[in-house]
Amino acid sequence: MTYVIRHRTRTAAGLLTAIAMLSAPQLSAQQPAPTPAPVPAVVAMPRPTPQDIETAQRALARLVAGDAAVRTLVEKYPGLLEVRPPAPNSAIVPNLAPNFQAKFKANLAVAAQGDSELLFMGDSITDFWRNADGAFAGKPVLDKYFGKWKVANFGIAGDTTQGVLYRLQNGEGKGFKPKAVMLMIGTNNTGRNSAPEIAEGIGAVVMELQKDFPEAKILLLGVFPRGRAGDPARGTIAQINSIISKLHDGNRVQYLDIGARFLDAAGSIPTDVMSDALHPTTKGYEIWAEAVIGPITTLMAGAR
């Protein structure tokens, strides 16, 4: 077993990396890697071109050739210093967790019915609109505000941007023609992706929705606040929302950040709004519904 230590950044500045990692088994040749989804230019992270990488390689070669001490280290520890492009952004590589397959298949059955006119897409925060009772009961609010429309709820608890991409590309994006889509996704990516990566993932989902449902209007919600005031996740979410707000075009995509409605004057989330500081209670869903019913009604009517 080979041990190495890796330090890598996700920008062009991370091209020169000191590497040492625990080598892992390679993917089977029979399993081609999924193709990263396209990303709107307004949320795309800068990545080095092949010419940039070649320039960095030449610079490294000059360094090694011109410095005997560096050359000795590289000869002694192969791979210690080398040029590597940034790793792929996992938030834009379609991938669905195996334990989500049952709900995914149920969503496919709904899509196949062909009569849904309003689509809710997301993770558990969207999923729980279907809960009739319990701590996170959204259904009474759903029925009250959105009951006049045929709603397809494609929220899956625990899902991520890459999971939504997979689902849309593998059946949830066909079979029906919603007039409007309400999208809120990304909070479950915060433990594994940076804010710019998550913003790319959300942008990729928006692009996929536009491709799959060319006549639909999209209400893109900012990621909701979570945790306590001052929680590092709040800063990540603020950065995500700052980036994805650029997806608003005033026509097919309407961006709306309603996060402040869930907070008190001190910036905390009251327990009667989100008892676990993440998932809305019935009161939280009421706040959500009141904030979006106007825009959704307008989008469902086909107005810009």
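Just so you know, all these numbers are worked out from the coordinates, no wet-lab data involved. Owing to the predicted nature of the structure, the values given are computational and were not obtained by experimental measurement. Glycine also receives a Cβ, built like all others from the backbone with ideal geometry; neighbour counts cover every protein chain displayed.
A few comments on the model shown:
- Among Pro40, Pro88, Pro178, residue whose mean-square fluctuation peaks in a GNM of the chain (springs only between Cα atoms under 10 Å): Pro88
- Over the chain: helical MRE at 222 nm, DSSP H runs n ≥ 4 each giving -39500 (n - 2.57), nearest 500: -11000 deg cm²/dmol
- Each of Leu299, Leu96 was scored by other Cβ atoms within 10 Å of its Cβ. Listed from fewest to most, they are Leu96, Leu299.
- Cα-only radius of gyration and Dmax that characterise the chain, units Å: 22.4, 76
- Listed by Cβ neighbour count within 10 Å, with the fewest neighbours leading, Tyr166, Tyr255 appear as Tyr255, Tyr166.
- Leu81 paired with Ala157, simple spin-label distance in nm, labels 7 Å along Cα-to-beta-carbon: 5.2 nm
- GNM result for the chain, Cα springs below 10 Å: residue of Ala106, Ala135, Ala33 fluctuating most strongly: Ala33
- GNM result for the chain, Cα springs below 10 Å: residue of Met182, Met45, Met121 fluctuating most strongly: Met45
- Distribution of pairwise C-alpha distances over region 181-239, 10 Å bins, in %: 22, 48, 24, 6, 0
- Glu208, Glu200, Glu117 arranged by Cβ crowding within 10 Å, fewest neighbours leading: Glu117, Glu208, Glu200
- For the chain, share of DSSP beta bridges that run antiparallel, in % to the nearest 5: 15 percent
- Square roots of 5 times each gyration tensor eigenvalue, C-alpha, region 138-221, largest first, Å: 22, 17, 11
- Restricting the calculation to Cα atoms, region 170-274 yields a radius of gyration followed by a Dmax of 14.8, 46 Å.
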